[in-house]
Structures are given as structure tokens and as C-alpha cells.
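Contents: one structure, followed by commentary.
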Ligand code: NAD
């Protein structure tokens, strides 16, 4: 059974990693997928490999969302997945003492402004039918503090809360438009490359991450996509304003023994 048959699904940041896995899964489930990304070459290549449509979209730009609203005026599912850690362009400090205002704002622009604009587009594209599913990809970093990634953690926490606001607003309007957040952690994607590095201690860094995770491994993008399919599908019609963690048990609690 195809769980997303004939549903129009927009996915941001779909060129690679988790967004790509979500776009591929949605397509396999019968969805009419519109993959979007700021990286036009990689996005178009991914869409052609999946067999779906591609539209360029920088989630920070209001004009880009207006263009998408003209091209895809009605949608059933919108996944706000595009995100950055801030470490993409080098080793700038991101702790609360040394982070620059410019770097703080740059991370929030993609993660938070992008999600705000994506939710606004989604509401506009769903309210004619009064039904739909908005899925915002937050992070475990939106639920706990991250000393070395202040802007990332702050933006992801704001996404978590904004998802609940959107859920309640849509319910208040009498629409069956749901909004939920997904909170992955330690999913092996290109996002990790700048943080793992290529030096001699890359393996040690990877082992440290694995050791901190109760299930003792990295997660796979497809394991996040599986939860996105559930939230997008009609199996989740009573699920709104909530959050799903996909983190190998990381947030379940401390491994410390009592005493
Ligand atoms: P990734 O870096 O592999 O992919 C991110 C994609 O977003 C890329 O294709 C990139 O081109 C695109 N992108 C970046 N800026 C954009 C912009 N302004 N407009 C449109 N697209 C843009 O990352 P990933 O690991 O696949 O992460 C996807 C989402 O999951 C992000 O929101 C990330 O914060 C979140 N997440 C990932 C992990 C993890 O362990 N990988 C953990 C928690 C949360």
C-alpha cells in the first residue's frame, strides 16, 4: 500500500542527507514530490535519481517562497528540513562567549527564518483544502543545551516551539492542518563532515559519538524518513503539536547508575 498516494509533498534541503532520504521515501510511497534546495546542481541530480521534480529554493528568501507558491499553490505535505550548523564554512567559534553576531544571525536565518517562511507557505498551500501535514526538522539540540553550538541549539529550540504554535493556530482555524517536529541526533550525513574532519583523530571523534549513543551507532537518514512518512500519512491524523526524537536513545536519560 502506498501511504502517500497522490499527495503533493514539498521537501526543503532535499539535495542530500536527511532531506534526500525523505524525498525518496515519499516518492516510493506514491507522493508527488517537489524536491527543493539552494544547491541547484546537486538538487537537480538528486531529483533526477529519485524521479521527482526539482525547484531551486533558498529557504531564507521570501521571494523564493513566493515563486514556489506560484508554481506549487496547493500542497498536502511540507517538510522544512533545510538546515545548517554554522560549521560549514570553517571553524568559527559558536560558543555563547565567542560567537559573532553575524554567525549567530546566519544560522538563525536558515534554520529559523527558513522554517517560519516554510510554515507560512504551507498554511497558504493547505488552507484551500483545509488539510495537510507540516513537518519541521528540529534536532535533539533543540531540546538540550549545546555549549559549542549556541546558535544551532537556539534555532532548533525555536523550531520546536514554533511547530506547536503553528499546530494550535491551524487547529483554532478549524483546519485539519497538522504540524509536528522531528528531533534527530547523530544521523550520518554530509552535515557531519566539517565537524569530524579528515585528520588522524576523525575515527576517534566518530567513536566518541557512537559511544555516547545508547544504541552504539549512528542513525541512518532513512530512519528519519520513516518517521516523516508516518507524520505525512493519514495514519497520523490525530497527531499534531508533538515531537518525535530519533536519536538512538540519547535523550532518554543519563547512563549513570543510581546512588
Ligand atoms: P546536510 O548538510 O547533509 O544537508 C542539508 C541540505 O540543506 C543540503 O542539501 C543543503 O544544500 C541544504 N541547504 C542549506 N542551506 C540552505 C538554504 N538556505 N536553503 C535551502 N537549502 C539549504 O544535513 P542533514 O544532516 O541532512 O540535515 C538535515 C536537517 O536535519 C537539518 O535541519 C539538520 O539540522 C537536521 N539534523 C541533522 C542531524 C544529523 O545528525 N545529521 C541531527 C539533528 C538534526
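The values are calculated or read from the model by the stated rules, or taken from the named source; none is laboratory data. Since the structure is predicted, the reported quantities are computational estimates derived from the model, not experimental observations. Please note: Cβ atoms are built from the backbone with ideal geometry, for glycine as well, and neighbour counts cover all protein chains shown.
Return only the number of the condition from (1) more than 18 Å from the chain's Cα centre (by Cα); (2) over 23 Å from residue 191 (Cα atoms); (3) at pLDDT 95 or above that residue 1 does not satisfy.
So the condition that residue 1 fails would be (3).
Touching a helix residue (DSSP H, G or I) at 6+ places or on another chain (Cβ under 8 Å) and at pLDDT below 95: which single residue out of 195, 191 fits that description? So that I can check it myself, show each step before the final result.
On the way: 191 fails: at pLDDT below 95.
The unique qualifying residue is 195.
Can you name every residue in region 163-199 that is more than 13 Å from the ligand (Cβ to nearest atom) and part of a strand (DSSP E or B)?
176, 177, 178, 179, 180
From the residues in region 224-259 that are in contact with a strand residue (DSSP E or B) (Cβ under 6 Å, 6 or more places away or on another chain) and part of a helix (DSSP H, G or I), which one is farthest from residue 136 (Cα to Cα)?
Taking the candidates together, the pick is 251.
So which of 39, 113 ends up being without any contact (Cβ under 8 Å) to a residue 60 or more places away in the chain and under 12 Å from residue 14 (Cα atoms)?
From the options 39, 113, the qualifying one is 39.
Checking the structure you have, find out if any residue of region 200-217 is under 19 Å from the mean Cα position of the chain (by Cα), surrounded by 12 or more Cβ atoms within 10 Å (Cβ to Cβ) and within 10 Å of the ligand (Cβ to nearest atom).
no
Check every one of the strands (runs of 3 or more DSSP E) wholly within region 43-160 and list those with 1 or more residues that are surrounded by fewer than 19 Cβ atoms within 10 Å (Cβ to Cβ).
53-56, 131-137
Scan 34, 79 and give me the residue that is under 23 Å from residue 226 (Cβ atoms), touching a strand residue (DSSP E or B) at 6+ places or on another chain (Cβ under 7 Å), in contact (Cβ under 8 Å) with a residue 24 or more places away in the chain and within 12 Å of the ligand (Cβ to nearest atom).
Sole residue among the options that is under 23 Å from residue 226 (Cβ atoms), touching a strand residue (DSSP E or B) at 6+ places or on another chain (Cβ under 7 Å), in contact (Cβ under 8 Å) with a residue 24 or more places away in the chain and within 12 Å of the ligand (Cβ to nearest atom): 79.
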